[in-house]
1. Would you mind classifying region 208-320 by shape? Square roots of the alpha carbon gyration tensor eigenvalues, ordered a ≥ b ≥ c; an a/c under 1.5 is rounded, otherwise it is prolate if a/b is larger than b/c and oblate if not.
2. Expected output is a single nm value to one decimal: the length gained when fully extending between K24 and E235, i.e. 0.36 nm times separation in residues minus the C-alpha distance. What is it?
3. Under 1.5 on a/c is rounded, so check that first for region 1-59, then, if it is not, pick prolate when a/b is larger than b/c and oblate when it is not; a ≥ b ≥ c are the square roots of the alpha carbon gyration tensor eigenvalues.
4. Quick one: compute the contact order of region 251-343, relative version, from alpha carbon pairs under 8 angstrom and 6+ residues apart, as a percent.
5. With θ set to phi - 60° and the Karplus curve 6.51 cos²θ - 1.76 cosθ + 1.60, what are the ³J(HN,Hα) couplings of region 330-338 in order, to the nearest whole Hz, using x for Gly and Pro?
6. Please state, as a whole number in µm²/s, the translational diffusion coefficient that the Stokes-Einstein equation yields for region 166-209 at 4 °C and 1.567 mPa s, with Rh defined as the Kirkwood radius across alpha carbon pairs.
7. Among DSSP bridges having both ends in region 3-338, what percentage is antiparallel? Round to the nearest 5.
8. Any idea how far apart R34 and Y133 come out in nm if each label point goes 7 Å out from Cα toward Cβ?
Amino acid sequence: MSSQHQQRKSDHIRINLQEDIGFKHVSTGFERYRFTHCAMPGLDLEDVDTSVTLLGKRLAAPLLISSMTGGTPEAGVINQRLAEAAQAASIGMGLGSQRAAIQNPTLADTYRVRRVAPDILLLANLGAVQLNYGYGPNECRRAVEMVEADALILHLNPLQEALQPEGDTCFAGLLAKIGAVCQALEVPVVVKEVGWGISERVARQLANVGVAAIEVAGAGGSSWSQVEMHRATDELQRQVAAAFADWGIPTAESLLMALRGAPELLAIASGGIRDGIQVAKAIALGATACGAAGPFLHAASKSIAAVTDLIAVLVTQLRVAMFATGVADIPALQHTPLVSAAP
């Protein structure tokens, strides 16, 4: 990996931890929905079952630590902490883009977490746009084998690439190449955005070429346009990035769009999910699981215990929300109606 690429990885971690990179006026949209409280749940709290099967692996809760980082020593420490906590809690984890380790195999250890997390659902990750820059099924397979992953994420980030002076912006013809990877790989392929959401049309296109799941990563959490604004080295770049502070499809809306476009696919809701009630709402709207990144990055920058505590809070909030709605398990939650909240 070039020193420029490594510096970008370090910048991304630093900015996410130190700067205000939230959307300015756009929310996830989950506040528009409410559960109907059930004063007689008809079950005991301890009997609420939050477990779910995702991509062939059983999780104790429908929770995924979304893809974040790798490729630097600091990123390696973060990934190890996240993975160790995920193993203890039996939840899933996505790795950051492994392009750095494909280019420079000496960096592979910053992504390898199976030593501390032998059983978790683990997702490898590459940028889909790299399929237009010489990558193909072989590189995708290398990414999976490098970390002994259960599935591969191909992430879509056209806006982020357009806002980077060093960005890769050749996105023409990607759909067929994603389809070729789906056909060639022995593991499922998940396509995710990085924070601006997936539309109904894009979801339908992805379903048609063989993608197994979509992670919507909608607007309302961390804004990567704001990250790139903080990285900008000149005023033109800064002003262009700043204009996109509220770009994107709110997470709840993107989830519903993806389900309309590809009802047969697994849908993972992510983008600004910050508590277990939002997880419950996303499941009730049709998601199979939920991902979160920002809160886990902040926790992992401190300790494994901080990550473990965050997972416990999210899962307990989800469990109590299910109990207070009179729902015994995740399949029942998926069929629990939400009501529109008062404006």
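1. Note, shape of region 208-320 comes out oblate.
2. This chain segment gains 73.9 nm when fully extended.
3. Since a/c reaches 1.5 but b/c is at least a/b, the shape of region 1-59 is classed as oblate.
4. Normalised by residue count, the contact order of region 251-343 is 29 percent.
5. Taking θ as phi minus 60°, the curve returns 5, x, 5, 4, 5, 10, 8, x, 9 Hz for region 330-338.
6. Estimated diffusion coefficient is 109 µm²/s.
7. So the antiparallel bridges in region 3-338 amount to around 15 percent.
8. Computed distance between label sites R34 and Y133 equals 4.8 nm.
Throughout, read-outs are computed from the coordinates displayed, never taken from laboratory work. Predicted, not measured: the structure shown is a model, and the values here were computed from it. Counting neighbours? That spans all protein chains shown, and the Cβs are built from the backbone with ideal geometry, glycine included.
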